[in-house]
Amino acid sequence: MDSTAEDGDGIGRRLRELRRARGLRQQDLASDDVSVSYISLIESGKRTPSADVVTLLAERLGCTTGYLLTGQDGTRTRELELKAAFADLSLHNGANGEALQAYSEVLASAPVLPEGTVRRARLGQALALEKLGRLEAAVQALTMLYEDPKCVAGSAEWSQLATALCRCHQALGDQVLSVEIAERALRRLDQLGLEATSDHIQLGAVLVSCYRIRGDLAKARLVAERLIRIADDRGDRAAQQQTYWNAALVAQSQGQTDEALALAERARTLLVEGDNVRHQALLCGVYAMLLLGSDSGAPERARRLLERSHAQLVEVGTAAEQASAQSGIAMACLRLNQAAEAQQHALRALALLHDEPCRESVEARAVLAHAQFSAGESPRAQESLRTAATQLRQLPRARSSAAVWRRIGDIWQQYGYPAEATAAYQQALDDAGLPGLLTSTDRAAVPGGY
């Protein structure tokens, strides 16, 4: 009747305590299959009962086998299941801190929960860490789950883990690894020959984003077009929204503003009441920035959209997302000839970021400088632009940083500083991976010219 268990002493202690609480003697629990002496050995921790014996004793004591094995009853398990569901809802609604706390409380009682619930909570905990900006911790948790043999390739969990890992590595600046993870996962899906699901499409959408940020716009466009066809065929609204959104960003990076606006508008039409609030806010902000970059500009409408986006992000967004919205409002104010208001919004963006070197901080300083130049505050504007350039040099080179260098160069050029503009444009070419032309001095040093 003996078997191996993890908590033999605990079972014996709980058996003894519950028997005494019921006013029972050892012989009251005994039967033809379980002797009094055997019960005594269990209570003293010298024997570990088999599953059948645990079931028999639980019936006679009027408790659950789970309680004898773990000290927890079904009521506690149901409470934890409800807490996990609450954490899922909090994460969906952007209450990331609440979600992380709830998932952590669930995982503290992992031994009494079904394996599926534990894995769901671990995934939710990792996603909450990502959204809170604790990227290294998120990568560690996600990698552990992704590399677990129990994670089945092609499953919803597997796709979500691969997608989240790509996002985290991308945010950490490792574009090579983010692309590698996504490409390898999509090749695995092709090998499995599975019908595309919404989770698979989202994985592809992240690859589009990785290609775009790395500057592989041709690849990004090809994958985006393929994903749009798949999503449209499936009629999956969430997948369609994701693919149109990313396709809009690719078109914007290629300078095709009208196409980008049309794609972003299509993504917005797929939004419905009850969608993820954070996604709504981010998409609203993207559309507003596309409006600002279009020929018509529509700065007043763009400002209203950005203010709406910011109001939502205050509740559910990260500090970086809120700062980007503030910088966008500042840009709209500049288009409306409201330099003083533009400065206020740019300074709010910098305050949110605590002056940490990051792309959002650089962009906020650039728009601040533009507003300062516009207000006739040239010395302060020059200082802001030089600080932006210093911070930008600390970031990894990428096409996205090249675009910011171009913006800095345009501001120098607009306000009459050609040498500084040329240096910024050269840095933009370098970050985009394009070699600069030789100077006249360089050409003189080359035998025979070129």
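The values are calculated or read from the model by the stated rules, or taken from the named source; none is laboratory data. Small disclaimer: the values here were computed from a predicted structure and weren't measured. Neighbour counts are summed over all protein chains in view; Cβ atoms, including those assigned to glycine, are modelled from backbone coordinates with ideal geometry.
Within the stretch 384-401, the only residue that satisfies the criterion of being buried (at least 21 other Cβ atoms within 10 Å of the Cβ) and touching a residue at least 40 places away in the same chain (Cβ under 8 Å) is Ser401. Scanning the stretch 420-438 for residues that are at pLDDT below 85 and of a type in the set (A, V, I, L, M) yields Ala432, Leu434, Leu437, Leu438. Every condition in (1) over 22 Å from Arg406 (Cβ atoms); (2) crowded, with 16+ Cβ neighbours inside 10 Å; (3) among the acidic types (Asp, Glu) is met by Glu300 except one, and the failing one is (2). Return yes when Asp258 is in a helix (DSSP H, G or I) and touching a residue at least 40 places away in the same chain (Cβ under 8 Å) and no when it is not. So Asp258 fails the test. Consider the stretch 21-66 and keep the residues that are within 27 Å of Ser109 (Cα to Cα) and among the small types (Gly, Ala, Ser). The one that is surrounded by the most Cβ atoms within 10 Å (Cβ to Cβ) is Ala58.
Of everything in the stretch 119-142 that's in contact with a Leu (Cβ under 7 Å, 6 or more places away or on another chain) and free of Cβ contacts under 8 Å to residues at least 24 places away in the same chain, which residue is surrounded by the most Cβ atoms within 10 Å (Cβ to Cβ)? Checked the stretch 119-142; the qualifying residue surrounded by the most Cβ atoms within 10 Å (Cβ to Cβ) is Ala141. Out of all the residues in the stretch 133-188, which are assigned to a loop (DSSP other than H, G, I, E, B) and under 13 Å from Arg122 (Cα atoms)? Within the stretch 133-188, Asp148, Cys151 meet the criteria.
Residue-wise test of (1) touching a residue at least 24 places away in the same chain (Cβ under 8 Å); (2) more than 23 Å from Ile329 (Cα to Cα); (3) not assigned by TED's automatic domain parsing to the domain that holds Leu313.
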site: Tyr211; (1), (2), (3): yes, yes, yes
site: Arg234; (1), (2), (3): yes, yes, yes
site: Ala238; (1), (2), (3): yes, yes, yes
site: Thr243; (1), (2), (3): yes, yes, yes
site: Val250; (1), (2), (3): yes, no, yes
site: Leu263; (1), (2), (3): no, no, yes
site: Arg278; (1), (2), (3): yes, no, no
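Contact annotation: residue pairs with Cβ atoms under 7 Å, 6 or more positions apart or on different chains, pairing a residue in the stretch 83-101 that is among the acidic types (Asp, Glu) with a partner that is surrounded by 17 or more Cβ atoms within 10 Å (Cβ to Cβ), are Asp88/Gly124; Glu98/Ser90.
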